[in-house]
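Novice: Take this structure, written in structure tokens, and hold onto it; I'll ask about it next.
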């Protein structure tokens, strides 16, 4: 058998010829670098280049000016001194005006500047118009919708109705005559015959604080109801020409009334600041209290055909649905909805009553449906600028009387306008004109004919017809 010759196994430390060539090349290069003296040149270059010195900013303090010898002038008014240096006399503290309790004639309630003959003659004319017309009938469907495009405001259809900011308004349910009632923040009730322009305004001192609720009786039109922060709900009787007390709180300054709504022909629901809902029988003035919440009952809306279905807004942001037949405390609500910010109103549509529109201070308008089945189902949220501030009345949407799809709301946009929204979300129409140059926070619709009134925060009312 032939023998196989094996190569010797290299041991530890063995270097191949290729590695020897590499080491030799490295050694030659290192010797060449030493001959060039690169390290010395590098050190000399570092010494030659010196870093620039940073300039220091010197801040010099300004020398204080010498104190003037002239004494500082102080306001004499703030110091409570006369120009002669004598102390000012103490101002007498004016107590708030007393509440208007009980009955009062229209002549006694006239505001200074309103003539008795003119006001009494004006109310006598309204009484005659109401006696001539038949029982109010519902407005035909879509009559407002068809008339919106042609509605305008002219020089003769706007005027100043109240001295101060308007908080509430209502149309008298006359079919052939336009009469607007407006309540302001000082408790003045203004009545305006639109056909007479500026000459048709008459003012009554009905309360001494904000009139937040104002309405005419839905079935006869002879009675105008006002609810105020002074804790009183009053009724203006156009036949007897007197103001009568319907309901009043016990007299506490911390307890006030905010809003009211009609239930049938002889019932009135009034919201109180302590979370109580007052049900008043107008035939006997009997009242029943119902606890519906712990905060203010800010707004009340009654279903147009099912009067036991009521929606309330409780402070700060609760919307509640109630069945008045089963009202047994605040836990008996059919449904409650909590909004993220304060809610000013929640109004049921005036025809079928199945829709609800609510306005909140989070710049939204929310729409709900299903009220006829006892539910509040959210259907739409619309972005809307609701920041009216402290000097303007809060927006409160108003349904058109002949539609369950269209509602009105004030606007902060320019040019000034009142907006008509569709229930589906988009803006349906704008009510605007050259005469309208201010924000109309309070909007009402006439119950029987196409006419829309907007009130601003200086007491002016604009009527579109």
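Novice: How much of the calculated P(r) for the chain lies past 38 Å, in percent of all Cα pairs? Intermediate results must be reported in sequence, preceding the final value.
Specialist: Values: 43478 of 107880 pairs.
I get 40 percent for the Cα pairs in the chain exceeding 38 Å.
Novice: Another question, then. Quick one: grab Rg to one decimal and Dmax as a whole number for the stretch 308-455, Cα atoms only, in Å.
Specialist: Just the Cα atoms of the stretch 308-455 yield Rg and Dmax of 15.5, 52 Å.
Novice: Tell me, 38, 268, 367 in order of fewest to most beta-carbon neighbours within 10 Å?
Specialist: Working: 38 10, 268 25, 367 21.
With the fewest neighbours first, 38, 268, 367 line up as 38, 367, 268.
Novice: Given the alpha-carbon gyration tensor of the stretch 71-193, what are the semi-axes of its equivalent ellipsoid in whole angstrom, ordered largest first, with each equal to the square root of 5 times an eigenvalue?
Specialist: Numbers: eigenvalues 445, 95, 34 Å².
The three semi-axes for the stretch 71-193 are 47, 22, 13 Å.
Novice: Once fully extended, how much extra length lies between residue 341 and residue 34, figured as 0.36 nm per residue of separation less the alpha-carbon to alpha-carbon distance? Spell out each step's value before the answer.
Specialist: Details: separation 307, 0.36 × 307 = 110.52 nm, distance 8.34 nm.
Result for the pair: 102.2 nm of gain on full extension.
Novice: The stretch 408-461 to the stretch 193-232: how many Å between their Cα centroids?
Specialist: The stretch 408-461 and the stretch 193-232 have Cα centres separated by 20 Å.
Novice: Next question, about the same structure. Once you order the gyration tensor axes a ≥ b ≥ c over the Cα atoms, which shape class does the stretch 145-297 get: rounded for a/c under 1.5, otherwise prolate or oblate by comparing a/b with b/c? It would help to have the intermediate numbers written out before the result.
Specialist: Details: a/c = 1.87, a/b = 1.70, b/c = 1.11.
Here the stretch 145-297 falls in the prolate category.
Novice: Using the alpha-carbon atoms, what tilt in degrees (0 to 90, nearest 10) does helix 17-36 show relative to the longest principal axis of the chain?
Specialist: Long axis of 17-36 versus the principal axis of the chain: about 80 degrees.
Novice: State the extension gain, in nm to one decimal, for the chain segment bounded by residue 127 and residue 26, taking 0.36 nm per residue of separation less the distance between their alpha-carbons. Kindly include the intermediate steps, with their values, before the conclusion.
Specialist: Details: separation 101, 0.36 × 101 = 36.36 nm, distance 12.28 nm.
Fully extending the segment from residue 127 to residue 26 adds 24.1 nm.
Novice: Here is a further query. Using the alpha-carbon atoms, what tilt in degrees (0 to 90, nearest 10) does helix 116-132 show relative to the longest principal axis of the chain?
Specialist: 90
Novice: Label-point separation (nm) for residue 405 and residue 74, each offset 7 Å from Cα along Cα-to-Cβ?
Specialist: Here the answer is 7.1 nm between the modelled labels.
Novice: Separate question: With a Förster radius of 45 Å, plug the Cβ-Cβ distance of residue 143 and residue 91 into 1/(1 + (r/R0)^6) and report the FRET value to the nearest 0.05.
Specialist: That pair, residue 143 with residue 91, gives E of 0.20.
Novice: Listing 314, 82 from the residue with the fewest other Cβ atoms within 10 Å to the one with the most, what is the order? Intermediate values should be presented prior to the final figure.
Specialist: Values: 314 23, 82 11.
Sorted ascending by nearby Cβ count, the order is 82, 314.
Novice: Continuing with the same structure: Taking neighbour Cβ counts within 10 Å as the exposure measure, how do 243, 36, 178, 255 sort from fewest upward? Please list the in-between numbers first.
Specialist: Working: 243 24, 36 9, 178 19, 255 13.
Final ranking by Cβ density, sparse to dense: 36, 255, 178, 243.
Novice: Would you mind checking the tilt of helix 38-48 against the longest principal axis of the Cα atoms of the chain, expressed as 0 to 90 degrees and rounded to 10?
Specialist: Roughly 50 degrees between the two axes.
Novice: Please give the calculated 222 nm ellipticity per residue for the chain, where each DSSP H segment of at least 4 residues contributes -39500 (n - 2.57) and the sum is spread over every residue; nearest 500 deg cm²/dmol?
Specialist: Computed mean residue ellipticity for the chain: -3500 deg cm²/dmol.
Novice: So if we plug the beta-carbon distance of residue 326 and residue 381 into 1/(1 + (r/R0)^6) with R0 = 35 Å, what FRET efficiency do we get, rounded to 0.05? Please report the intermediate quantities before stating the final value.
Specialist: Values: r = 30 Å, r/R0 = 0.86.
The computed FRET efficiency comes out at 0.70.
Novice: Sort the stretch 270-358 into rounded, prolate or oblate with this rule: let a ≥ b ≥ c be the square roots of the eigenvalues of the Cα gyration tensor; rounded if a/c is under 1.5, and if a/c is not under 1.5, prolate when a/b is larger than b/c, oblate otherwise.
Specialist: Verdict is oblate for the stretch 270-358.
Since every read-out is calculated from the coordinates, none of them should be taken as a lab result. A quick note: this is a predicted structure, and the numbers were derived from the prediction, not measured. Here the Cβ is made from the backbone with ideal geometry for all residues, glycine too, and neighbour counts use every protein chain on show.
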